[in-house]
Each structure stands twice: as C-alpha cells, then as structure tokens.
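First comes the structure, then the notes that go with it.
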Amino acid sequence: MPKKDGLQAITELMARGATKPRIIVMTTYESEEDIRRALKAGAKGYLVKGTAPQQIREAVRRVAEGESLLPAAVASKLAESMAHPELSDRERQVLQYMANGRSNKEIGQVLYISENTVKAHVKSILTKLDAMGRTEAIAIALQRGLIRSR
C-alpha cells in the first residue's frame, strides 16, 4: 500500500460510522506482533498469502457471518504472543534504537529523555522479554516481529 500501511487502514475503517466493517487481513507478515496488532486494530480474520482459495472463501463466508477466523498456525502464534507481556510504544522505540546500535545516552538524546529513563526502559524490556542482555533482547524482538531489522 503506497501511502498507508494495513494497520492504519484498519484503524481508519473501524473509526468510521456506527457499523463496523468485518476485515480480513491477507499479508506476508506472520509474526506474533503483526497478528496481535491487526486483531487489536479490529481485524476479524488473518490470512497469510498463499492460503488456498477454498480457505479464503471459507474465511470470507465465516467473517461475513460475524465470526472471527484464524488458521491454526496463526492462532498458535497469537497464543504464544499472549504468554508474553506486551512492550509499551516507548519500550519498542528504545528497543529499535538499541537494535540500530545506539547507546543509552544517544537514545536519550534522540527521544528527549534522560539516560536514567532509558536505563529504566532497557531494564523493563529485558524483564518483559526474559532476556539476559541487549543482544538477546534484540534477537527475541526480531524473531517476534516487535522491531524491524535495518
């Protein structure tokens, strides 16, 4: 999508009018975080590109009838993500800067927060991701789709 991403489109559609659309996301992205964000924004189904035509028809039919639909593999990833505490938007920002090689001091300067505040965010990130250090936290975050590689 050239000007918006799918999440923005879902959010805008859900904000319009009293009748909420029944949205099915079809994407190549299948990380825990991508699934969680789409459903949180209001999607009722989540399919990965390459899904068989008969499964797509079934998804459209069921979502049109008011059901939610997640294929087993997607539901499994979502269940996994629910077992992990969610990072705040600020923690995600700090984590992305960490992945880009920034020091706590540099992160603080970019985000206009103190170095001690950055350290508190890093500590919270390590705890939530159950990581021993920055490198492990970045690896976990990349695997789960919490951040994007450069």
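The values are calculated or read from the model by the stated rules, or taken from the named source; none is laboratory data. Keep in mind the model is a prediction, meaning the values are calculated, not measured. In this analysis, Cβ positions are derived from the backbone assuming ideal geometry, glycine residues included, and neighbour counts consider all displayed protein chains. Please note that ligands, DNA and RNA were not included when accessible areas were found on the heavy atoms of the full protein model with its side chains. Shrake-Rupley method; radii C 1.70, N 1.55, O 1.52, S 1.80 Å.
³J(HN,Hα) across segment 3-12 via Karplus (A = 6.51, B = -1.76, C = 1.60, θ = phi - 60°), whole Hz, x for Gly/Pro?
Ordered by residue, 3J(HN,Hα) equals 10, 9, 9, x, 5, 4, 4, 4, 4, 5 Hz.
Among ALA83, GLN96, ALA64, which residue has its Cα furthest toward the positive end of the charge dipole of the chain, with +1 on Lys/Arg Cβ and -1 on Asp/Glu Cβ?
The one lying farthest along the dipole's positive direction is ALA64.
Where nothing but the Cβ of Lys and Arg (+1) and of Asp and Glu (-1) is charged, how large is the charge dipole of the chain around its Cα centre, in debye to the nearest 20?
360 debye
In terms of modelled amide H atoms, which long-range or inter-chain residues lie less than 5 Å from the amide H of MET26?
Sorted by chain and number, the residues that satisfy this are LEU47.
Using the Cβ atoms and a cut-off under 12 Å, what net charge is assigned to the surroundings of GLU65, where Lys and Arg are +1 and Asp and Glu are -1?
Taking every Cβ under 12 Å from that of GLU65, the sum is +2.
Can you return the lysines within cross-link range of LYS49? Criterion is Cα-Cα under 27 Å, with same-chain partners fewer than 8 residues away left out.
Filter leaves LYS3, LYS4, LYS20, LYS40, LYS77.
Explain nothing, just compute: Karplus ³J(HN,Hα) = 6.51 cos²θ - 1.76 cosθ + 1.60, θ = phi - 60°, for every residue of segment 29-41 in order, whole Hz, x for Gly and Pro.
After applying 6.51 cos²θ - 1.76 cosθ + 1.60, I find 7, 9, 6, 3, 5, 4, 5, 4, 5, 4, 5, 5, 6 Hz.
Taking Cα Rg over 2.2 N^0.38 Å as the quantity of interest, determine which of (1) 0.99; (2) 1.21; (3) 1.16 was computed from the displayed structure.
(2)
With the other protein chains left in place, how much accessible area per residue, in square angstrom, belongs to segment 1-75 at a 1.4 angstrom probe?
Per residue, segment 1-75 has 64 Å² of solvent-accessible surface.
Collect residues whose amide H, placed 1.01 Å from N in the peptide plane, falls under 5 Å from the amide H of LEU69; neighbours closer than 5 in sequence don't count.
Here GLY45, TYR46 satisfy the definition.
Within the accessible area of the chain, what % is carbon and sulfur when the probe is 1.4 Å and the other protein chains stay in place?
The nonpolar share, carbon plus sulfur, comes to 54 percent.
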